[in-house]
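J.: Below is a structure I'd like to ask you about.
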Amino acid sequence: MLLRRIARHLISIAALVLLGGLISATLVRLAPGFDTDERELDPSLNAESIRALHAERAGESNVLHFYAAYLRGALHGDLGTSHSLGQPVQNLLRERWPVTLRVAGIGLLLGWLLASTLAFGVSLSPRPAFEITGTTLSGTFLCIPAAVLALASVIFNSPGYLAIALIVFPKIYRYARNLLAKSYALPHITAARARESANFAFSSGTCCPLSGLN
């Protein structure tokens, strides 16, 4: 029974991935400027060269034919060729995955660290200024599109992992803040905090109703 459920979920995931790829390929072909090629702007090309470029991209107009050919190639390890770089995609991935993995890992780790630290600080502090600060920061970065943060990272030549951290920070902060708020509201947590406050008050002598009788 468990194996059937796992197999059903795997089949559903595979179907969603295939359907998402088909929809993405269709939307790309419906986008303005799909049939254009930046190489056509080269003034040194003649009419025959431009027709060759058009013929090269003609096979990609039919989305079903292109997607089926792409899937057949992907099953054999051929992910196609990058039009802008003129190199096989497989080679580009092999060359760049270490850097991509390092930048993405550092960005996710930094985002989790910032969000978790701020969420714990806001939850433990009774001052409303911390709550306002955390909500303002997370709301601000949540409203900024990811593309804008990525573009700003390129313009200001900042590390790529910083943009990734700022993108994931508001989502993680909101989740961690809500989780901590629910945890602090649990009965046993409330009882433990009340007992700790009472013990501190009695040990300091600030809450002893019989102290004036001695």
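None of the figures in this text is laboratory data; all of them are computed from the coordinates on show. Just so it is clear, the model here is predicted, and its values are computed rather than measured. Using ideal geometry, Cβ is built from the backbone for each residue, glycine included, and neighbour counts are taken over all protein chains shown.
J.: Can you sort Ser153, Ser44, Ser49 from fewest to most other Cβ atoms within 10 Å of each residue's own Cβ?
T.: Placing the least packed residue first, the sequence is Ser44, Ser49, Ser153.
J.: Which whole-Hz couplings ³J(HN,Hα) result when phi for each residue of the range 105-113 is put into the Karplus expression 6.51 cos²θ - 1.76 cosθ + 1.60, θ = phi - 60°, listed in order with x for Gly and Pro?
T.: x, 5, x, 5, 5, 5, x, 4, 5
J.: In terms of modelled amide H atoms, which long-range or inter-chain residues lie less than 5 Å from the amide H of Thr81?
T.: Correct list: Val89.
J.: Same structure, new question: Got a sec to turn the phi values of the range 153-166 into Karplus ³J(HN,Hα) couplings, 6.51 cos²θ - 1.76 cosθ + 1.60 with θ = phi - 60°, whole Hz, x for Gly and Pro?
T.: For the range 153-166, the Karplus-derived couplings read 5, 6, 5, 8, 6, 8, x, x, 5, 5, 5, 5, 4, 5 Hz, x marking Gly and Pro.
J.: Still on this structure, I have one more. Where does each of Val63, Val122 land when they are ranked from fewest to most other beta-carbon atoms within 10 angstrom?
T.: Val63, Val122
J.: Right, next: Taking other Cβ within 10 Å of each residue's Cβ, how do Tyr175, Tyr70 sort, fewest first?
T.: Going from sparsest to densest Cβ surroundings: Tyr175, Tyr70.
J.: In whole angstrom, and with the biggest value first, how far do the Cα coordinates of the range 93-204 range along each principal axis?
T.: Principal extents (largest minus smallest coordinate, Cα): 64, 28, 24 Å.
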